[in-house]
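Quick notes on the structure that follows.
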Amino acid sequence: MRHSSTLCIQLVLVVLIIIVWDVGFCRGDHLGHDAGCTDVERKALLRFRHGLTDPSGRLSSWVGKDCCKWRGVICNNRTGHVDKLKLRNPYSDTDSVGDEAAMHALSGEINPSLLALKDLSSLDLSMNDFGGSKIPSFIGSLEKLRYLNLSGASFGGDIPPSLGNLSRLNYLDLSDNNYVQSNGNDFQWLSGLSSLKYLDLEGWDLTKATPNWLQTINMLPSLLELRFPGCSLSSLSYNLPFLNLTSLFVLDLSNNRFSSRLPNWLFDLKSLVHLDLNSNNFHGALPCSFSTFTSLEKLDLSENNFGGSLSINFKKMCNLRTLMLSGNNFIGEITELINSLSGCSKSRLEMLDLGYNHLRGILPHSVGSLKSLKCLKLSNNFFRGSIPKSIQNLTSIEEIHLSNNQMSGVIPEGLGQLSKLVVFDVSENTWEGVITEAHLVNLSSLKELLIANKQFPNTSLVFNISSDWFPLFKLRNLEIRSCRLGPEFPSWLKNQNELTILILSNVEISGTIPDWFLQLDLQLEQLDFSYNQLNGRVPNSLRFSQFSIVDLSSNRFDGPLPLWSSNVTMLNLRDNLFSDPIPRDIGEVMPFLMDLDFSRNPLGGSIPLSIGNLTSLTTLVISDNQLSGEIPDFWDKLPLIDILDMSSNCLHGTIPSSIGSLNYLGLLILSNNNLSGQLPPSLENFRDLGILDLSDNRLSGKLPTWIGEKMTSLFILRLRSNFFSGNIPSQFCRLSNLHILDLSDNNMSGQIPHCFGNLSGMESALSKADTERYLGLISEGRVIQYSSSIYLVRMKVVAKGSVLEYSSTLYLVKSLDLSNNNLSGEIPKELTSLVNLGTLNLSMNHLTGNLPSQIGKLERLETLDLSRNQLSGPIPRGMSSLTFLNHLNLSYNNLSGEIPTTNQFQTLNDPSIYRGNADLCGNPLPDNCHGNYIPGEEDREEKESGEEDDMFEKLGFFVSVVVGFAVGFWAVCGSLIVKESWRDAYFGFFDKVQYHLLSFCRRTFLHVHEKRPWD
């Protein structure tokens, strides 16, 4: 007993000693430790600070002896040694602008003096700016380091292999560095990080990484998070001999270059909670093996190349919170998928993104069972039908995106019960019915409302909202297009003072903009009232004059042009009644203008010189006005212009040579003015020009050869109605992209180049996407648009016997018009290879010869005008196969023979088509070929069409004659050479024949001589 008591006392004493020891450590009273860090560590930190540049004074507290009190320095409570160094830029985690964050960024050199911090376990230098310098290799010698964060600190070079010495490291983040280079080494250094749990190399260029990089990663058994997005990796092992990453719960390999099916080992990562493989090129259908991820909370496979239907059993993935499959090629319906996701007793799904696929069908009623859903993204598919009424059950929903589908029907009133809804986007569908206050009544959280019908100008969806109703929400973005909102300006906007985007396009509002709206204190960035019937004057001063995009096109506004704040970058006032000259100071008032469209107004005066100050201008459209004077010579100051349209004005003078300095010009239209002189040679700089239209002017001289040599991207070339002369340059045959060539109504002479058959743009059909590049709709990947409208080229083309204007369908037009010139010679047969040509007009020239016999190959031809030439011969029978031909004019030539009566010619029964051809006969002309047509005489066309067959028949005949001769000759002569007895008999026979023949001739001669009457 006594022994036991002694033992208990000893145990109590030991416990007390331990407690006192621990308290001493906590207070810093342990042996050998004075207040603050050691002198060695303090001096090391001061040397480290000396190498840094600290513009904001973040390290100003680094004074005094106790470095443990310095900002960013953390010491161990027990040892007193420096344990952590946290110098992350604090402004990187805020909403501060980049300049402010840069002001607080440390830079300079990282001094190796940090090696004196023997107990350093955590080093954070993230979000600073070390200007592309290499990651110091000495960091690999900080052997107690457990946490290393150098993300966003602008390091460059290669990752030092010495980091592989940090065997205790748990966390390594080297992501988002701005100066990363190709990492020449492999991942072998990673194998030494046996304790690593978190690895992030986002943004490092790992193009040169060895193909077996994954095998090295697989040797890290403790790894929990692996993040390699945007690393340019291309190889990914499909199989692994064994899987060591069984604890991995975050895997991010997004934005790489993988091009394969999903690897097998992926489905053995049972602990995965977050999987992000978006923006690669994975392909094939999604396997059902995804159902093995029972713990998965986020699945992001968007922007790959998966196809097939969504037949995965998601019912087993009840922990799934985020499912992102957008930007793939999935097809079929989603009813089974939604039913599977909603089959969990308590679905946890918060994000469902299936946008930008090829999904069809209707939205199932079961979507209302996803009670935890916060974001539903189904845009850019082919869904049809209406929004299911069950959507009102999604009480947690914050975002609904259904835009760009084929949905129709009414929008359910239950929408108005979704009090947490922030974004509702159902634009570009075909809605109908009525929107009332009930649809919007409880949407107190709504910030973005986008409703637009796809078919312009469809207004089958009507807003019927009382003028005294005011909503609970405060919108930031309101976009309503092609709906019936008017005729009154919506008064419920009176309390919407947080708007930054306001688009009310084609909503049938009329009258003037009310004063109460003009007085709203808004911070508008975009204002669009296009395609309405608004009128009156637009004030120059608005309280919300901070906007950058303004579109008031296609209304009835009048008065002088309004000029707003200097922030405006896009200004579209097209198709109104604005008058007076363009303000002289437009270049000073709105210096940041990028896109300017004043077309289709009665503007007068000249083009202001201050436009030359708009150095950011990319689009200048001032066509269809009454502008006069010369074109200013300021284009060398506008280097970014890619669309220039000054057509249909009263401009005169020459084309200034400085226009040739517009290096990015894709469209130049100066038609329908009074411009004169020759084309300036500087225009040959337009290597990327897609449209050149100088028609209806007074330009003269010969057509320069550099048009064909340098402007090889031309899609449309129109020089009609000028005074150009000389031959058509053969270099024009190099314009292989041409869809429209119009040189009509000039003084061109010579022959039509035979090489026009090389104009392959008229021979093959291009896709709309390809031709839009030449139309100027897309320039360098940038869609040229003003909020709701896209700039469309409007061009007049002579077709079907009249002048037609094309705009949105211009890319379909293929036309060759050389009419009303002095061209001579025959029609080149090579033109018949332009099989997609829609209009061929060669009228009013001096062409001779016959019509090409193969003209029937122009199977897409709709308009053919060969009138007023000297063409002769019959009408080719093959023309009857031109089933698209609806306008034909062969009048005033020298054609002869019978007019064909089959197929298409049965519809071309207007006598004026054939008038002025004295030797033509047959229906519909009065002369029905009584005796004028000789049945036994073959048509030239039939002869020519049979020439090819005759050639083969003759070739066969000559081959048979030669072969027969050879066989017969050697059959006879060969036998005589070989057989002597046959040879003697053969020649003996001919000797006898010769003797008898000579005797017969002699007797006949004597007999005749004896009976001569004159002897």
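Here is how the numbers come out for the structure above:
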{"item": "Top positive-direction residue, dipole computed over segment 273-382 with Cβ charges, set Ile362, Asn380, Cys344", "result": "Cys344"}
{"item": "Sparse-neighbourhood loop sites, chymotrypsin sites (Phe, Trp or Tyr not before Pro) in segment 659-762 - DSSP loop, at most 16 other Cβ within 10 angstrom", "result": "Tyr664"}
{"item": "Cα→Cβ-extended label distance, 7 Å offset, between Trp469 and Met103, nm", "result": "4.8"}
{"item": "Cα gyration tensor category, rounded, prolate or oblate, for segment 279-402 with a/c compared to 1.5", "result": "oblate"}
{"item": "FRET efficiency for Arg71 and Ser195, using Cβ-Cβ distance with R0 set to 30 Å, rounded to 0.05", "result": "0.55"}
{"item": "Long pairs among Lys270/Lys374; Lys43/Lys118; Lys298/Lys371, criterion Cα-Cα beyond 20 Å", "result": "Lys270/Lys374"}
{"item": "Estimated inter-spin distance, His754 and Ser259, nm [label 7 Å along Cα→Cβ]", "result": "4.4"}
{"item": "³J(HN,Hα), Karplus 6.51/-1.76/1.60, whole Hz, each residue of segment 699-716, x for Gly, Pro", "result": "6, 9, x, 7, 5, x, 5, 5, 4, x, 7, 10, 8, 6, 8, 4, 9, 9"}
{"item": "Residue-count net charge about Phe382 - beta-carbon cut-off 14 Å; Lys, Arg +1, Asp, Glu -1", "result": "+1"}
{"item": "Label-zone membership for segment 590-621, site Ser682, 7 angstrom Cα→C-beta point, backbone N under 17 Å", "result": "609-615"}
{"item": "From phi via Karplus (6.51, -1.76, 1.60), per-residue ³J(HN,Hα) for segment 45-53 in Hz, x at Gly/Pro", "result": "5, 5, 5, 4, 5, 4, x, 9, 9"}
{"item": "Karplus-derived 3J(HN,Hα), 6.51/-1.76/1.60, for each residue of segment 643-649, Hz, glycine and proline x", "result": "9, 9, 10, 10, 6, 6, 10"}
{"item": "Nonlocal amide H pairs with Gly916, under 5 Å, H built at 1.01 Å", "result": "Tyr892"}
{"item": "Linear extension gain, Glu488 paired with Asp558, 0.36 nm per residue minus alpha-carbon span", "result": "23.2 nm"}
{"item": "Fully extended contour minus Cα-Cα distance, from Thr654 to Gln215, at 0.36 nm per residue", "result": "151.0 nm"}
{"item": "At most 15 other Cβ within 10 Å, DSSP loop - GluC sites (Glu not before Pro), segment 434-521", "result": "Glu488, Glu498"}
{"item": "Estimated FRET transfer efficiency (Ser396, Ser291; beta-carbon r; R0 41 Å; 0.05)", "result": "0.95"}
{"item": "If the convex hull is drawn through the Cα atoms of segment 855-903, its volume per residue in Å³", "result": "70"}
{"item": "Built amide H within the under 5 Å cut-off of Phe557, gap 5+", "result": "Leu577"}
{"item": "Restricting segment 58-147 to GluC sites (Glu not before Pro) in coil, as DSSP defines it, with at most 15 other Cβ within 10 Å", "result": "Glu109, Glu143"}
{"item": "Distance between modelled label sites at Asn894 and Asp54, nm, 7 Å Cα→Cβ extension", "result": "10.0"}
{"item": "Amide hydrogen neighbours beyond the local backbone of Gly825, cut-off 5 Å, H modeled", "result": "Thr848"}
{"item": "Global form of segment 679-768, assessed from the alpha-carbon gyration tensor, a/c cut-off 1.5", "result": "prolate"}
{"item": "Spatial separation of Cα centroids for segment 687-712 and segment 591-657, in angstrom", "result": "20"}
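Rule-based calculations on the coordinates, nothing more; no lab input. If you're wondering where the values come from, they're calculated on a predicted model, not measured in any experiment. Note: ideal-geometry Cβ built from the backbone for every residue, glycine included; neighbour counts use all protein chains shown.
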